[in-house]
Amino acid sequence: MNFLLAVIKQTLRNLVQTWSSQLLTLLTITLSVLIFAFFYLLYTNVLHAGNQLDDDLRLIVYLDEEPSPAMQEEYRDKILKFDRVERIDFISSKDAFSRFAEQLDEDRDILTDMPKDFLPPAIEVYPYRTLDTLTKIKRFSDYLLTLPGVLKVQYGREWVERFYSFIKLLRIVVILSGFLLILTTTFMVANTIRLTLLGRKEELELLRLVGASTNYIRMPFFLEGALQGLAGSTCGMAALYLLYNWIKLRFAVSSVMAMFEFTFFPLPVIAAIIAISTLLCGSGSFSSTRKFLQL
């Protein structure tokens, strides 16, 4: 108990004596966590928005003739051989005609003299709406073209390719901001602790001479780094939450916000980001004290 009280007292003393550098480190950690969490939040919401889409990821396979029940099973087996899908629908010429008439709505009179089988039968393939699906939907389309009796395969190619490119760009930004978070939290804290150690070099050497253990000397600095990480990451997540609410209020009436539901991080993700930041700062502090005590 006495050891813990001494460590806490020494930690608070360090924080007070180096408050200016502590404040700069806190601000840097806050900004780093805010930048990383902002892009990660954007990335997860864009993925969620992609999962809400339906027809844009549908592949329509046009056939030259109506498939028999046996042929339908053969098509189904060959499609599933390439990849698992959410569902497969077989659309007859008459079903396609009925859909087309519904889409025309009040102008459906133009179809009065048209035969009800003038549209080709088709297979509608609904892949699972995941990022992995986007990466291979072009290959899926090329594979479907090789099936017997297939005239054409249609899907929202332009939209899918643009969406996937945007996802890849966001993923790169998230990774880069993650590296930024690691570098700033680790090295900024390590540098701050190093300056504190250098400023108290004589005092620490005296402590070692009178028999103070390495853990007794190291623990206050480790706790100092961990507290910086905890406070900085908490401030960063709080700032992101305020920014998130401001954006939602600012663009509440926009068509994009009405189409997709954007959400904030769940509590486990928030806790994980704060815990990782705290651990990184603590490890930076531990690295500095270990090098110093080995001198």
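The values are calculated or read from the model by the stated rules, or taken from the named source; none is laboratory data. This structure is a prediction, so every number in the text was calculated from the model and none was measured. Virtual Cβ from ideal backbone geometry, glycine too; neighbours counted across all protein chains shown. Side chains included, ligands, DNA and RNA excluded: accessible areas come from the protein's heavy atoms. Shrake-Rupley method; radii C 1.70, N 1.55, O 1.52, S 1.80 Å.
Protein chains only, probe 1.4 Å: how do Ile247, Ile91, Ile79 rank by accessible area, largest first?
Ile247, Ile91, Ile79
Roughly how many nanometres apart are two label points built 7 Å out from the Cα toward the Cβ at Leu151 and Ala271?
About 5.8 nm, to one decimal.
Can you sort Phe179, Phe39 by 1.4 Å-probe accessible area, starting with the largest? The partial results should precede the final answer.
Details: Phe179 120, Phe39 60 Å².
Largest accessible area first, the list is Phe179, Phe39.
Within 12 Å, Cβ to Cβ, of Tyr43, how many net charges do the neighbouring residues add up to if Lys/Arg are +1 and Asp/Glu are -1?
Around Tyr43, the charge tally is +2.
Can you pull the accessible area of Thr278 for me, 1.4 Å probe, Å² to the nearest 10?
30
Going by average Cβ density within 10 Å per residue, which order do the peptides 92-102, 28-38 take, highest to lowest?
Put in order of decreasing packing, that is 28-38, 92-102.
Would you kindly find the accessible area of Leu176, with a 1.4 Å probe and non-protein molecules such as ligands, DNA and RNA excluded, rounding to the nearest 10 Å²?
110
Excluding Ser92 itself, what net charge comes from residues whose Cβ is under 9 Å from its Cβ, given Lys and Arg +1 and Asp and Glu -1? Before the final figure, lay out the partial values.
On the way: positive: Lys94; negative: Glu66, Asp95, Asp117.
The answer is -2.
Amide H of Ile91 versus every other amide H placed in the peptide plane: which residues, excluding those fewer than 5 positions away on the same chain, fall under 5 Å?
So Ile91 has HN proximity to Ala122, Ile123, Glu124.
How much of Met219 can a 1.4 Å solvent probe reach, expressed as accessible area in Å² and rounded to 10?
The accessible area comes out at roughly 70 Å².
Can you put Asp117, Asp83 in order of accessible area, largest first, using a 1.4 Å probe?
The ranking, largest first, comes out as Asp117, Asp83.
Suppose R0 equals 30 Å; then what is the FRET efficiency for Phe166 and Arg87 from their Cβ-Cβ distance, rounded to the nearest 0.05? Mind showing how you got there, number by number?
Details: r = 27 Å, r/R0 = 0.89.
E(calc), rounded to 0.05, equals 0.70.
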